[in-house]
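Before any comments, here is the structure.
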Amino acid sequence: MKYHILLFLLILSAFSSSAEIIRNFRTMPEQSCFGITSSLVDAMEKQIPENNTGFGPNYKDRQYWTGYPISELIRQQAERCLSTPMPSLSDHDWLATKGRGHQINMEAFAELARKKKMIFCNLAACVIMECKENQGRFMPRIEEVIRLWLGTNGYLDSRYDPFGRSISGDLRGIDLGVAQYFTDLATAYYLLDDKLSPAIRKQMQDRTDEWVFSPLFRAYAARDKKEILKFSPVMWWLDGENNWNPYCHTRCVVMAMTMLTSRRERAYVMAHAIKLTQNYLKSFTPEGYITEGIGYWMMGFQSYVDFSMTTSYFTNGQVDMIAGYENAANASGLGYYAEMVPGARLYAHFADFGTEGKATFFGQKALWKLNQASGINYYGDVFRKKKPMYANGVSLYGDWFSTYFFKNLRNRDLKSPPVRRQEFFVPSAGVLISRDLPEHKIPLSFAIKGGHNGELHNHNDLGSYVIGVGNQIECEDPGYPSYPAATRSLVMSSLSHPVPLINETEQGTGKKFYTKVLHTLFTTERAEISYDLKPAYPPCGIKKLIRTAIHDRQNEQIIITDEFELEKNGKFAASLITYRPITDKEKNRFQIGRLSAELQSDCPLIYRREIMPVIMQTPARPEKITYSTQAANGRIKIIFKKDVTTGP
């Protein structure tokens, strides 16, 4: 999905003309292009505070801040900041990220990210410490950090501005970085209030208007989405259905409620955000599953929960974005239902998600919020009876938001979660996650996906599967690439997944390439599913292509069977992919970590091993065993069994 977005933004940027930067745009038509009318804004205006404000008390409430729990991490980080020179930051840093043509200079990209992180980590720690101490000791450094940030135009991710129009032209708008960093500034603006000099406060207001409020109001006043994308291609997320939607809308509301003095303008932003974030829920299936991958579920849905908490706070509980939204309630429990091993946080590496087969780390605060939002104790005592650390010194907004809600919201009485079946089957997406019997001390788990190839964060991976032993995935879909990588398209292709290739032909891209679930059988001892994979491919001589997966829990084995029939003699190929060590055994047998794989075929197989030439999020490279045959028809079966006597 993101790959297509990048191409889309590239094309739009190429045809956008340069013009004067728009500032102080506050036109509010009787009805916006998103259907928000004056009467809706009237009603919202009555629900929000009369004056602009942020979360909780600012530095002036000395009783609150005297009792504020400063962690040693924040204290040490703030003290280091006072003695450590700030990095230089200019438009040249942003321009250096541009490689040849539309390539990204990875080294410069990483260096700019490092500088931004350092600036905003220092801002987070110093603002919190200044509010705690109230001695002015951190103010010179805080103002230095803010001036450093406001002195550049290199705010947009350079992948979304391929022609550098944000530096040399009129391109302004909100992407994930602009949303995050300007919300941190807005939080500092609120917490420090008159501790900041009038000049700095005016500069913060002007830059936030230029990059956030004017593009936002200009978008609301546009004739249609096409006009919005013409002046700011990065604003595609306004009515989008993926994780950007709640992430950006939440932060736009926080900035508006904090910095806009007009109650009408704040109500206008809030009314749009409440309507448009509901589009995000459309990305979930009725079962609460999302095709973006479990990592983007955590980012996107946690942002949606944050949005719910934010709107509830600023409307004094009159708006609830969880209750009454069935998809929202179901989505809260996805991390519970989709676990391959109960309690282990082990998830299938489908779409843009991957951890080299290891268990996934989700923050305690994030899981706590999901429990509280749903009213169901899906994730247990995430703090393990310990006092949570409120701030981690990465984002001022994130730290303050978490601190305020953890200190001031009482825990709900949570219901116990429903008992999980051995399988989690998502008929609408063709996804099956199959867990082992609880009596097996080292579980053998399995997941496989169908669906279509026009999904959010799509990979052409219909029929892809993962197999886990214990808390480690042994044989797998490789996961997700580093976004700026030149090899991203390779990672998303069928070549990089354990799916068939017919006559060297990969699966097609788009919703018209799909699978059909032909058969399912679910019992305590067994889970079976069969897919018709033929519709996943463009014309390439396929008469029949069926993949069947069986998780035989009683005999502790997983069987993958491919049956193919071609119009004439041709080539069938597929692969096994892993981050784990591979050992060749006797003919047609391999040891993959703690998993043995035996291939049985009614036609001779040829094998080829290779390290996959892809750039992933970590230095590790997956290894692939490709097996192929030349035939008009055939049946290839792979029997996987756990072998815990070998492998690390």
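Laid out as a table, the results:
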| read-out | value |
| --- | --- |
| Charge tally in the Cβ shell below 13 Å around Thr285, where Lys, Arg are +1 and Asp, Glu are -1, Thr285 excluded | -3 |
| Under Karplus coefficients 6.51, -1.76 and 1.60, residue-wise ³J(HN,Hα) of region 572-579 in Hz, glycine/proline x | 10, 9, 7, 8, 10, 10, 7, 9 |
| Between region 528-582 and region 68-95, the Cα center-to-center distance that results, in Å | 52 Å |
| Cα-Cα P(r), region 10-145, percent of pairs per 5 Å interval | 2, 7, 11, 10, 11, 11, 11, 14, 13, 8, 2, 0 |
| Positive minus negative residues near Ile542 (Lys, Arg vs Asp, Glu; Cβ under 9 Å) | +1 |
| Two-decimal Rg/Rh across region 296-385, once Rg and the Kirkwood Rh are taken from alpha-carbon atoms | 0.99 |
| In degrees, nearest ten, helix 106-133 long axis to first principal axis of the chain (Cα) | 50 degrees |
| In region 57-89, the trypsin sites (Lys or Arg not before Pro) that fall in loop regions by DSSP, at most 14 other Cβ within 10 Å | Lys60 |
| Ranking by accessible area, most exposed first, for Val269, Val517 with a 1.4 Å probe | Val517, Val269 |
| Value of relative contact order over region 246-362, rounded to a whole percent, pairs C-alpha under 8 Å and six or more apart | 26 percent |
| Whole-angstrom gap from region 267-295 to region 348-378, using each part's C-alpha centre | 17 Å |
| Cross-link pairs Lys226/Lys275; Lys115/Lys230; Lys369/Lys624; Lys275/Lys516; Lys415/Lys641; Lys365/Lys415 - those with Cα-Cα distance over 27 Å | Lys115/Lys230; Lys369/Lys624; Lys275/Lys516; Lys415/Lys641 |
| Rotationally averaged projected area of region 526-607 (alpha carbon convex hull; nm²) | 6.8 nm² |
| Partners for Lys117 among aspartates and glutamates (Cα-Cα distance below 16 Å; same-chain residues under 8 apart left out) | Asp93, Glu107, Glu144, Asp157, Asp184, Asp399 |
| Angle in degrees between helix 176-192 and the longest Cα principal axis of the chain, rounded to the nearest 10 | 30 degrees |
| Assigned charges on the beta-carbon of Lys, Arg, Asp, Glu; the chain dipole about Cα centre (debye) | 560 debye |
| Nearest 10 degrees, 0 to 90: helix 72-83 Cα axis against the chain principal axis | 60 degrees |
| Ratio of Rg to Rh over the chain (Cα coordinates, Kirkwood Rh, two decimals) | 0.99 |
| Net charge dipole size for region 443-518 [Lys, Arg +1 and Asp, Glu -1 on Cβ; Debye, nearest 20] | 300 debye |
| Accessible area (Å², per residue) of the chain, counting only protein heavy atoms and a probe of 1.4 Å | 39 Å² |
| Sparse-neighbour loop sites [GluC sites (Glu not before Pro); region 436-510; at most 12 other C-beta within 10 Å; DSSP] | Glu439, Glu504 |
| Solvent-accessible surface (1.4 angstrom probe) belonging to Leu495, in square angstrom, nearest 10 | 70 Å² |
| Computed over the chain: relative contact order in percent, which uses C-alpha pairs under 8 Å that are six or more apart | 11 percent |
| Accessible surface of the chain, 1.4 Å probe, proportion on carbon and sulfur as whole % | 50 percent |
| Region 423-466, relative contact order in percent, only Cα pairs under 8 angstrom and at least six apart counted | 31 percent |
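The values are calculated or read from the model by the stated rules, or taken from the named source; none is laboratory data. Computed from a prediction, not measured in an experiment: that's the story for all the values here. Neighbour counts are summed over all protein chains in view; Cβ atoms, including those assigned to glycine, are modelled from backbone coordinates with ideal geometry. SASA here: full protein model, heavy atoms, side chains in, ligands and nucleic acids out. Shrake-Rupley method; radii C 1.70, N 1.55, O 1.52, S 1.80 Å.
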